[in-house]
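The values are calculated or read from the model by the stated rules, or taken from the named source; none is laboratory data. Quantities reported herein were computed from a predicted structural model and do not represent experimental measurements. Note: ideal-geometry Cβ built from the backbone for every residue, glycine included; neighbour counts use all protein chains shown.
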Amino acid sequence: MKKTTVLTAAALVITASPAFAHLNPAEYGSFAAGFTHPLSGADHILAMVAVGLWASMLGGRALLAVPAAFVGVMLFGFVAALVGMPLPYAEPVILASVVVLGLLVACALPVSTVAGAAIAGCFAFFHGHAHGGEIGAAAFLDYGAGFALATALLHTAGIGIGLAVGQAMKGPNGRLAMRITGGATTIGGLMLMAG
């Protein structure tokens, strides 16, 4: 029963696509607009949950360092967009991040904490730039704090799923369930690319 519940929850989180668009900062406030921004696109959700899943598989220092690197570098990308730095191919790289991060989980790629943080950070810059490019009339500090918090929560959800699956399904079954989840993320990314 426990295994089914954990796998069902993981599947729902990974395939969820919220039914709301970006909030208007004038109506809802800049923080709310920033907070909901990563939650309103399947590409952001899948990538950010996958970062948490992969971090949980890497374990040790990577459990915190990989998600922290993502959030930190994402904020640099956000600032880069705000100062007008052009970044070609941002959307294709964001979609590629879903596929690649899903593959990293599916392959259970063991890398050092530094390498994991660097990989996550490379993709994070593009995610942050996209957030900055869609800031609209929002106040940058509130908006940035909102999407940084939402991103950290999505990473935490991925870590939680990874640890829960590992705990509920000890041994090779837990690892297999995680790898299947990574494969599903990759397929989701490919579907987004095709759509």
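If the condition is being at pLDDT 90 or above, farther than 17 Å from residue 109 by Cα and surrounded by fewer than 20 Cβ atoms within 10 Å (Cβ to Cβ), then region 151-188 contributes 152, 153, 156, 157, 160, 187.
When you look at residue 92, is it more than 13 Å from the chain's Cα centre (by Cα) and either more than 17 Å from residue 135 (Cα to Cα) or of a type in the set (Lys, Arg) (or both), yes or no? Break it down into steps so the answer makes sense when it comes.
Numbers: more than 13 Å from the chain's Cα centre (by Cα): yes; either more than 17 Å from residue 135 (Cα to Cα) or of a type in the set (Lys, Arg) (or both): yes.
In short, yes.
Based on what the data block shows, is residue 130 crowded, with 21+ Cβ neighbours inside 10 Å and closer than 20 Å to residue 175 by Cα? The answer is no for residue 130.
Selection of region 70-103 for residues being farther than 21 Å from residue 185 by Cα, among the aliphatic types (A, V, I, L, M) and in a helix (DSSP H, G or I) yields 73, 75, 79, 80, 81, 82. Comparison of 168, 150 shows that the only residue that is of a type in the set (A, V, I, L, M) and touching a Leu at 6+ places or on another chain (Cβ under 6 Å) is 150.
Among the residues of region 176-192, some residue qualifies, meaning at least one is without any contact (Cβ under 8 Å) to a residue 60 or more places away in the chain and within 23 Å of residue 95 (Cβ to Cβ). Within region 56-74, the set of residues being under 25 Å from residue 132 (Cβ atoms) and in contact with a Phe, Trp or Tyr (Cβ under 9 Å, 6 or more places away or on another chain) comprises 66, 70, 73, 74. Restricting region 112-142 to residues that are at pLDDT below 95 and not in a helix (DSSP H, G or I), the residue that is farthest from residue 162 (Cα to Cα) is 137.
Of the residues making up region 133-149, those that are surrounded by fewer than 22 Cβ atoms within 10 Å (Cβ to Cβ) and under 13 Å from the mean Cα position of the chain (by Cα) number 2.
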